[in-house]
Amino acid sequence: MYYNTLIDIIVSTWNNPEVIKRLVLSLEKNSNLKNSTSIYVHVQENNQKTTEFLKSKNIQFSVSSTNIGMCSGLNMAAKLGKGQYICIIDDDMYVGKDWDSELIGFKNNNKLIESDLLCSVSVESQGANPLALLRDYGSFLDFNETGFNNDIEVLKKQKPILCNHGSVPLLINRTFWEKIEGYDERFNPSPGAEEGIAMKAWIQGCRNFIQVPTSIVYHFQSMSTNRIAGHNYAERREKIFSESYNITVSEFVKMYIKRGEVWEKR
């Protein structure tokens, strides 16, 4: 298969022009492999400010007139690229220094195979996510960018290598992405997307779901998903997942993915 670059960064964005602008600027500033990377974006509801910004940066994008859901948007944008790896990232993230080369380096150094999935550590200011690193560098409006960037080397030493169920940023070999056919669009607009792609990967042979502690991003948290709150998407996620696979989400990520446990190569 012909690859024209190493990594295709894939993003879905929904009426967040200033948010995705910050993500792109952080990719330009802190990516170590930017000369071997392309960015592809799906623009929900064809937001004009977003498309104008992407055009100014010569970033290719797909559009939909409505919000077709994150899963569908990411699948659509992924078709634009021909990189060896696909890296899914949320638009409300700011990447830390060398976040990308830490993922690729870990994969190469550990001689991982095509089906193995890698993700970064998400630094968050609040919440109870056991996989996240809790540090407060502010909200989107008062983000302490300098403090975050200055602390990167310290942040890289805070977590062991853990098992993660496929949270983003998520690095996946394009050949394997195409084998599993990307995200399960039944989980649109997004709740259940991570567990859904993890199950698809598991069925096709993935046994290593790895959170790389030296790949760091800051997550401003739910800048789009807050707009879809109150629609019982969590219940819908559980229903789709359990009826499809005869196992609950929590059982799958605990018993099979071993989410939150220290990673041991399988």
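No lab work stands behind these numbers, since they all come straight from the coordinates. For clarity, every value in this text was computed on a predicted model and none was experimentally measured. Ideal geometry is used to build each Cβ from the backbone, glycine not excepted, and the neighbour counts take in all protein chains shown.
In straight-distance terms, cross-link reach from K254 covers every one of the lysines whose alpha-carbon lies under 28 Å from its own, apart from those fewer than eight places away in the same chain; here that gives K107, K111, K156, K157, K159, K179, K200, K239, K265.
Ordering L25, L133, N108 by Cα displacement along the dipole of the range 1-160 toward the positive end leaves N108 in first place; charges were set at the Cβ atoms of Lys, Arg (+1) and Asp, Glu (-1). What the Cβ-Cβ distance of L112 and D136 gives, at R0 = 30 Å and to the nearest 0.05, is a FRET efficiency of 0.35. Within the chain, DSSP assigns beta bridges of which about 30% are antiparallel (rounded to the nearest 5). Applying 1/(1 + (r/R0)^6) with R0 = 35 Å to the Cβ-Cβ distance of T248 and Q158 gives a FRET efficiency near 0.70. Along the range 246-257 the Karplus relation, 6.51 cos²θ - 1.76 cosθ + 1.60 evaluated at θ = phi - 60°, assigns HN-Hα couplings of 6, 7, 7, 4, 5, 5, 5, 6, 7, 7, 9, 6 Hz to successive residues, with x for each Gly and Pro.
Equivalent ellipsoid of the chain: semi-axes from √(5λ) of the C-alpha gyration tensor, largest first, are 24, 22, 20 Å. For the range 32-126, a crude dipole built from +1 on the beta carbon of Lys and Arg and -1 on the beta carbon of Asp and Glu, taken about the Cα centre, is about 400 debye to the nearest 20. In this calculation the C-beta distance from A128 to S65 is compared with R0 = 35 Å, giving a FRET efficiency of 0.40. The stretch between K265 and T175, if pulled fully straight at 0.36 nm per residue, gains 30.3 nm over its current Cα-Cα span. Label positions at N4 and N58, each projected 7 Å from the Cα along the C-beta direction, are separated by 1.2 nm. What you get for the chain, charging only the Cβ of Lys and Arg (+1) and of Asp and Glu (-1), is a dipole of about 500 debye around the Cα centre. Structure remark: mean-square fluctuation, Gaussian network model of the chain, C-alpha springs under 10 Å; the largest value among V249, V168, V154 belongs to V154. Among T146, T13, T214, the largest mean-square fluctuation in a Gaussian network model of the chain, built with springs joining Cα atoms closer than 10 Å, belongs to T146.
Under the combined filter of DSSP loop state and at most 12 neighbouring Cβ atoms within 10 Å, the range 141-191 retains these trypsin sites (Lys or Arg not before Pro): K157.
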